[in-house]
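Contents: one structure, followed by commentary.
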Amino acid sequence: MNVKQSIIPPIIVIIGVISFGTIGYSIIERWSIFDSLYMTIITLTTVGYEEVHHLSKAGRVFTAVLILTGVGAMLYVLGVGARLLIEGELREILGRRKLSKKIGKLKNHYIICGYGRMGKITCREMMQNKAPFIIIERTPEVVSTMDKDILALQGDATQDSVLKDAGIERALGLISVLSTDADNLYVVLSARGLNPKLTIVARASEEGAERKLIRAGADKVISPYHLGGLRIAHTILKPAVVDFIEFATRSGNLELQMEEIKVKESSHIVDRSLDECGIRKDMGIIIVAIKRESGEMEFNPTSTSIIRQGDTLVAMGQTRQLEELEKLVGV
């Protein structure tokens, strides 16, 4: 039973007792409704005022019954109120403890600051890719509407204490998609200071904000309006290219996926060419690019391109094929 449902019975009891007293006095003593209501209220609240009119013997008996009934009703109402208060406090305390335990278990996770339109899309992609993440949202009403499967922390992401509560020291990356560039700038500054190794992606709305966010410590800055404009233009000018990119990057697409896979030291394909590994010939996977550990990007690598430790392979293929490649590179 929720809080609203728990409040309804006490309200009905109070209204019932007042109605019982008012109707009783009006019938027994033949008083007006107003006088009967007034007498009922001062009787139930035990304020000690004088009687409205002189009471008959039957009226006194009824008053005694009303007092006993009213006291019982008030004790019931107070009991329900106390129970709701205690349960609410306990629920809040237990909820905070449960949340703290879940956050304490997070490691190499992602922190998403803001649950607006971009935040929701980002969370959906994270969930579909089974990436561990936590959301920091300032508005309590927004947090209360989130899915129960989403780990959310209510607070101001620009505050260091809130970022620490989200486990930023153990996090792998942070995404700041707050509504203003100023807030995103504060988040980036705080996050970079708390975790220098953190990968930070921030949203920029205004022109010139991108450079400031980069200087503040963001690794990547995304401008939705700029990207949206380019996408609209390319949809008209290069529709086939846009359709292919959408097809390759669409979540849940089993026919074709584009993924990035990092080569670990334990992989036996280190220092071997693409042809020797059999990635293209045996697995049927297309290696679109190789990002070297230095940051250099080698597009459309040849069959003689050597794979080195720390490289990131940008691969395209079916989900099953990509899973085999992940096992091959030691993921």
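The values are calculated or read from the model by the stated rules, or taken from the named source; none is laboratory data. Keep in mind that this is a model prediction, so the values were computed, not measured. Note that each Cβ is placed from the backbone with ideal geometry, even for glycine, and that neighbours are counted across all protein chains shown.
Which of the following residues is free of Cβ contacts under 8 Å to residues at least 24 places away in the same chain and surrounded by 19 or more Cβ atoms within 10 Å (Cβ to Cβ): 204, 152?
204
Do we find a residue being more than 24 Å from the chain's Cα centre (by Cα) and not in a loop (DSSP other than H, G, I, E, B) anywhere in the range 198-210?
Yes, the conditions are met somewhere in the range 198-210.
Being assigned to a strand (DSSP E or B) and of a type in the set (Ser, Thr, Tyr) is the filter; apply it to the range 272-331 and report the residue that is farthest from residue 257 (Cα to Cα).
For the range 272-331, the residue satisfying everything is 273.
Any idea which of 213, 198 is closer than 22 Å to residue 125 by Cα and either in the same structural domain as residue 121 (by TED's automatic domain parsing) or in contact with a Ser or Thr (Cβ under 7 Å, 6 or more places away or on another chain) (or both)?
Only one candidate qualifies: 198.
Return the pairs, sorted by first residue and then second, in which the second residue is at pLDDT 75 or above, the first residue lies in the range 95-112 and is surrounded by fewer than 10 Cβ atoms within 10 Å (Cβ to Cβ), the beta carbons are less than 7 Å apart, and the residues are 6+ apart or on different chains.
none
Inside the range 7-45, can you point out the residues that are within 15 Å of residue 62 (Cα to Cα) and part of a loop (DSSP other than H, G, I, E, B)?
Across the range 7-45, the qualifying residues are 29, 30, 31.
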